[in-house]
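Q: Shown below is the structure under consideration.
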Amino acid sequence: MGIGSGKGKTILFGEHFVVYGLPALAAGISSETVAKVTRKQTAGWVLKDKRPAVPGYKKEKSGEQNVSIQNILKYCNIDTKELGFQIELGGDLVCASGIGASAASSVAIARALNDEYSLGFDDEQINQAAYEGEKGYHGTPSGIDNTASTYGGLVWFTRDLDGGPPKFETLKLRKPVHLVIASTGITASTKEVVGDVRKKRDENSAWFEKLSSEYKQLVHDGRDALLHDDLQRVGDLMNRNHELLQEMTVSCTELDDLVEIARRNGALGAKMTGTGRGGNMIALAPDKLTMKKIAQALERAKAAGVWTTTFGL
Ligand code: MEV
């Protein structure tokens, strides 16, 4: 049996902008998806998906998941025409839009295949295989999700728009940073939302350019503030990033409501994270105690899922 894992992720700054070559910051979280690959004596592959998930998520994504697995197999050069295998997916990452569930499972599957078929892949190749997997979920992934999922930590990421490898580095912070993640329970289609943003950008490039140029300054300021441990500034910039995403039309009432609840309960800043139009929001807490208070408030407000995570060390 081959086994592998991939971490969930959260985007602190830069979803959607990252697709167009602007830098973004993502943090791998401790929850992960685990894949186990067992060979069988018959052709083809079968999937047993035992991952915890918000209602509807797995059904919504199953078609894309099949394409994703085919893409990974192609990259790994594994032929199942005669002898195939079973993949079992599990782990503690609760699948919901915005938490990098598709990337985490792509990374986990690539690692499990690497283990079972002794492919000799290093992390760069695992990341590349997972990127091919991500293409199954939407045609033009930036690669930030699979990179954060493969390497973990706090990742400063820039896509190469000419198709070359992305540039990324892992940042180390002086102190750990506490985040609360809350789910709207709504499963969003990354393909549809990214496609819609592209359409709006094509129709009004001046509008998109204005958002992008403010975002570009914001993400550099966010990086500096994180590295200088200026959490109040990070929070303010997260709030502004949320407004830019609202202007981009990728937030929604359910996300805005969760963001407001987090802010009222002590968050230094809060924003949607990932694809948007559903999915998750993140809130920055000044300390562990406030992190718990924010999480409890979001639970009382009946968020579909609430998690806490710490990153930066
Ligand atoms: C999805 O987690 C993040 C997006 O920016 C898409 C991508 O980067 O591929 C919306």
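The values are calculated or read from the model by the stated rules, or taken from the named source; none is laboratory data. None of the values given here were measured: they were computed from a predicted structure. Note: ideal-geometry Cβ built from the backbone for every residue, glycine included; neighbour counts use all protein chains shown.
Q: If you scan region 291-313, which residues turn out to be within 18 Å of residue 52 (Cβ to Cβ) and among the polar types (S, T, N, Q)?
A: 308, 309
Q: Do we have any residue at all in region 186-197 that's at pLDDT 95 or above, more than 14 Å from the ligand (Cβ to nearest atom) and in contact with a Gly (Cβ under 8 Å, 6 or more places away or on another chain)?
A: The answer is yes, given that some residue of region 186-197 is at pLDDT 95 or above, more than 14 Å from the ligand (Cβ to nearest atom) and in contact with a Gly (Cβ under 8 Å, 6 or more places away or on another chain).
Q: Collect the residues in region 241-283 that are touching a Phe, Trp or Tyr at 6+ places or on another chain (Cβ under 9 Å) and more than 23 Å from residue 100 (Cβ to Cβ), keeping them in residue-number order.
A: Within region 241-283, just 247 meets the criteria.
Q: May I ask you to say which residue of 143, 136, 120 is without any contact (Cβ under 8 Å) to a residue 40 or more places away in the chain and in contact with an Asp or Glu (Cβ under 8 Å, 6 or more places away or on another chain)?
A: 143
Q: Take region 11-51 and flag every residue that is at pLDDT below 95, within 16 Å of the ligand (Cβ to nearest atom) and either among the hydroxyl-bearing types (Ser, Thr, Tyr) or part of a helix (DSSP H, G or I) (or both).
A: 31
Q: Tell me which helices (runs of 4 or more DSSP H) are completely within region 190-272 and hold 2 or more residues being farther than 24 Å from residue 57 by Cα and of a type in the set (Gly, Ala, Ser), or say none if there are none.
A: Once the helices (runs of 4 or more DSSP H) in region 190-272 are filtered for at least 2 residues that are farther than 24 Å from residue 57 by Cα and of a type in the set (Gly, Ala, Ser), what remains is 205-227.
Q: Being touching a strand residue (DSSP E or B) at 6+ places or on another chain (Cβ under 6 Å) and not small (Gly, Ala, Ser) is the filter here, so list the residues in region 1-20 that pass it.
A: Listed by number, the residues that qualify are 1, 3, 7, 9, 10, 11, 12, 13, 18.
Q: Moving on. Filter region 245-267 for residues that are under 30 Å from residue 202 (Cβ atoms) and surrounded by 18 or more Cβ atoms within 10 Å (Cβ to Cβ) and give the result.
A: If the condition is that a residue be under 30 Å from residue 202 (Cβ atoms) and surrounded by 18 or more Cβ atoms within 10 Å (Cβ to Cβ), then 245, 248, 250, 251, 254, 255, 259 are the ones that fit.
Q: Tell me, which residue of region 167-189 that is outside any loop (DSSP other than H, G, I, E, B) and of a type in the set (S, T, N, Q) is surrounded by the most Cβ atoms within 10 Å (Cβ to Cβ)?
A: Ranking the qualifying residues of region 167-189, first place goes to 183.
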